[in-house]
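Enquirer: Below is a structure I'd like to ask you about.
A short reminder: the numbers here are calculations on the coordinates, not readings from a lab. None of these values were measured; they are calculated from a predicted model. Positions of Cβ are backbone-derived with ideal geometry, glycine not excepted, and every protein chain shown enters the neighbour counts.
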Amino acid sequence: MGSLGLDVKVGLMRLVFLGAPGAGKGTVASLLEERLGISHLSSGDLLREALRKGDSLGTEASRYMKAGVLVPDDLICGLILNRIERLGNNCSFVLDGFPRTKEQAEAIDSLFRQKGHKPVDLAVDFQIAPAVVVERLAGRRVCETCRINYHVTRIPPRRPGVCDRCGSSLITRPDDRPETIRKRLEVYEAETGPLLDFYRSQGKLRTIPGDQEVEEEYGALMGLLKEEGLADAVS
Ligand code: AMP
């Protein structure tokens, strides 16, 4: 196990974060990266980055993102699988927002099998009620430069509208508007059953509450990782 954390030692791990938009997956994954050096790969961030750079893939994907529906697999799978492959076999990572469908989960497993890489260890489902999702996404603000998430009341920046870390402006994501939020929740509900079944049948599905404060969600995850033998407390 590598000693990368503040008070924990972590082993090599591959985690998948599942859960409705706004359940805290991205925020907890950012903390894991900052505190334990576990790479955070967010499919939504990669798509938004492709759009900012003016890549044709980003422009094509943005039509779907604005409508709150899933980007087709032929657009997204290459982008994400390529990034996962580039991380190599000796790097711990969290996948946030990918896979969204059973087909995408199968594509990850098949990539790891082909490359002889360590498979996904756990899929962690952040459970949250739809009403809480709407409140969370409507209040979410994102740094336009370093992509860190804030919330107007839950995770407020020190200065309103300004990122604590880099001083850039905070923006509201276009797909965090109420009409799009509803659509994204519908899409999530439709796709999530088969995806949960996929990881359940592999014995890898675990749940944590997704409606708590950030540090409580982080603590619940660390408890889970310790139970699963993926992290150890340092005495
Ligand atoms: P997120 O930042 O994870 O909430 O994703 C924002 C939007 O990007 C989603 O509503 C989808 O349109 C698109 N997206 C992100 N990840 C995926 C994925 N794995 N499959 C298809 N579309 C995705």
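Enquirer: Could you run the Karplus curve 6.51 cos²θ - 1.76 cosθ + 1.60 with θ = phi - 60° over the range 194-200 and give me ³J(HN,Hα) per residue in whole Hz, x for Gly and Pro?
Expert: Working through the residues one at a time gives x, 5, 5, 4, 4, 6, 5 Hz.
Enquirer: Right, something else. I need the phi-derived Karplus couplings for the range 146-156: 6.51 cos²θ - 1.76 cosθ + 1.60, θ = phi - 60°, integer Hz, Gly and Pro marked x.
Expert: 9, 6, 5, 8, 10, 9, 4, 10, 7, 10, x
Enquirer: When the dipole is taken about the Cα centre of the chain, and only Lys, Arg (+1) and Asp, Glu (-1) are charged at their Cβ, what size is it in debye, to the nearest 20? Each step should come with its number before you reach the end.
Expert: Numbers: 33 positive and 34 negative charges, 114 e Å.
Here the size comes out at about 540 debye.
Enquirer: List every residue whose amide H lies under 5 Å from the amide H of Leu122, counting only residues 5 or more places away in sequence or on a different chain, with H placed 1.01 Å from N in the peptide plane.
Expert: Correct list: Arg14, Val16.
Enquirer: Tabulate in residue order the Karplus-calculated ³J(HN,Hα) for the range 71-79, using 6.51 cos²θ - 1.76 cosθ + 1.60 with θ = phi - 60°, rounded to whole Hz; enter x for Gly and Pro.
Expert: Taking θ as phi minus 60°, the curve returns 6, x, 4, 5, 7, 8, 4, x, 4 Hz for the range 71-79.
Enquirer: For the range 111-220, what is the percent of antiparallel DSSP beta bridges, rounded to the nearest 5?
Expert: Values: 8 of 13 bridges.
Percentage antiparallel, nearest 5: 60.
Enquirer: How many nm separate the modelled label positions at Gln114 and Arg63, each set 7 Å beyond the Cα in the direction of the Cβ?
Expert: Each label point lies 7 Å from its Cα, and together they span 2.7 nm.
Enquirer: Over the Cα atoms of the range 27-74, Rg to Rh with Kirkwood Rh, two decimal places? Please list the in-between numbers first.
Expert: On the way: Rg = 13.0 Å, Rh = 11.9 Å.
Rg/Rh for the range 27-74 comes to 1.09.
Enquirer: A further question follows. Explain nothing, just the number: relative contact order of the chain, from Cα pairs under 8 Å at least 6 residues apart, as a whole percent. Before the final figure, lay out each step's value.
Expert: On the way: 350 pairs, mean separation 68.7, N = 235.
About 29 percent, as a whole number.
Enquirer: Follow-up question, since we're still on this one. Roughly how big is the range 37-116's charge dipole about its Cα centre, with Cβ charges of +1 (Lys, Arg) and -1 (Asp, Glu), in debye to the nearest 20?
Expert: Values: 11 positive and 11 negative charges, 35 e Å.
Dipole about the Cα centre, nearest 20: 160 debye.
Enquirer: Once the convex hull of the alpha carbons of the chain is built, what does its volume come to per residue, in cubic angstrom?
Expert: Values: hull volume 29.0 nm³, N = 235.
In the chain, the Cα hull volume divided by residue count equals 123 Å³.
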